[in-house]
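What follows is a set of notes on a single structure, which appears directly below.
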Amino acid sequence: MSYREYNRGQPHKLVFLPGFGGDDTMTSVLAVLPQFQDHHIISVNPIGWYGSTMHAPLYSHEENADQVMDLLKAIGIDQAMAMGYSTGGGIAFYLAQKYPKVFTAAFLAHSIPFH
């Protein structure tokens, strides 16, 4: 898994998960929009996706959600919103479902919330 952070230190936390074949650079557009200036954006490349280890097996949405939680703990994020596009939306759904005390909202775009 790899990730990139934008607007670090801002009060609102947003975890972005791109669709399969996408990567964390998609989030650079969000980071400059006025409505996201007060959001610390953590853009995650799930395991086996572009920008991450391509030789790794593909993980299920649930397994990727657990990996995202491990990442958030490691970087000191205890509450956030999840936003996922396409396949990333399935992971965002599992994050919100499995960790409701951590994720205050989940936004799914062009997504099916199961794998």
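The values are calculated or read from the model by the stated rules, or taken from the named source; none is laboratory data. On a predicted model such as this, the values are computed, not experimentally measured, just so you know. Please note: Cβ atoms are built from the backbone with ideal geometry, for glycine as well, and neighbour counts cover all protein chains shown. Heavy atoms of the whole protein, side chains included, go into the accessibility calculation; ligands, DNA and RNA do not. Shrake-Rupley method; radii C 1.70, N 1.55, O 1.52, S 1.80 Å.
Suppose every Lys and Arg Cβ carries +1 and every Asp and Glu Cβ carries -1, with no other charges. What dipole size does the chain come out with about its Cα centre, to the nearest 20 debye?
For the chain, the charge dipole is close to 160 debye.
Quantify, in whole percent, the carbon and sulfur part of the accessible surface of the chain (1.4 Å probe; protein heavy atoms only).
Heavy-atom surface of the chain belonging to carbon and sulfur, 1.4 Å probe: 56 percent.
So what are the ³J(HN,Hα) numbers for segment 100-106, from phi and the Karplus equation (6.51, -1.76, 1.60; θ = phi - 60°), rounded to whole Hz, Gly and Pro as x?
Values per residue, Gly and Pro as x: x, 7, 8, 9, 7, 7, 9 Hz.
Volume per residue, Å³, of the convex hull around the alpha-carbon atoms of the chain?
86 Å³
In whole Hz and in residue order, list the ³J(HN,Hα) couplings for segment 33-39 that follow from phi through the Karplus curve 6.51 cos²θ - 1.76 cosθ + 1.60, θ = phi - 60°; x for Gly and Pro.
Here the 3J(HN,Hα) series is 6, x, 6, 10, 5, 9, 10 Hz.
Using modelled backbone amide H atoms (1.01 Å from N, in-plane), which distant-in-sequence or interchain residues come within less than 5 Å of HIS40's amide H?
Sorted by chain and number, the residues that satisfy this are GLN10, HIS12, LYS13, LEU14.
Leaving out ligands and nucleic acids, note down the accessible area per residue over the chain with a 1.4 angstrom probe, in whole Å².
Heavy-atom SASA per residue in the chain reads 52 Å².
Can you run phi through the Karplus equation (6.51, -1.76, 1.60; θ = phi - 60°) for segment 59-68 and list ³J(HN,Hα) in whole Hz, with x for Gly and Pro?
Using θ = phi - 60°, the values come out as 8, 6, 4, 5, 5, 5, 4, 5, 5, 4 Hz.
With runs of 4+ DSSP H residues as the only contributors, calculate the mean residue ellipticity of the chain at 222 nm using -39,500 (n - 2.57) per run, divided by the residue total and rounded to the nearest 500.
-8500 deg cm²/dmol
Obtain the nm distance between the two label points defined at GLN35 and ASP66 by a simple spin-label model: each point lies 7 Å from its Cα along the Cα-to-C-beta direction.
In this crude label model, GLN35 to ASP66 measures out at 3.5 nm.
Multiply the residue separation of GLN79 and HIS12 by 0.36 nm, subtract the distance between their alpha-carbon atoms, and state the gained length in nm to one decimal.
Between GLN79 and HIS12, full extension yields 23.2 nm more.
Quick check for me: using +1 on Lys/Arg Cβ and -1 on Asp/Glu Cβ, what's the dipole size of segment 57-115 about its Cα centre, in debye to the nearest 20?
In debye, rounded to 20, segment 57-115 gives about 140.
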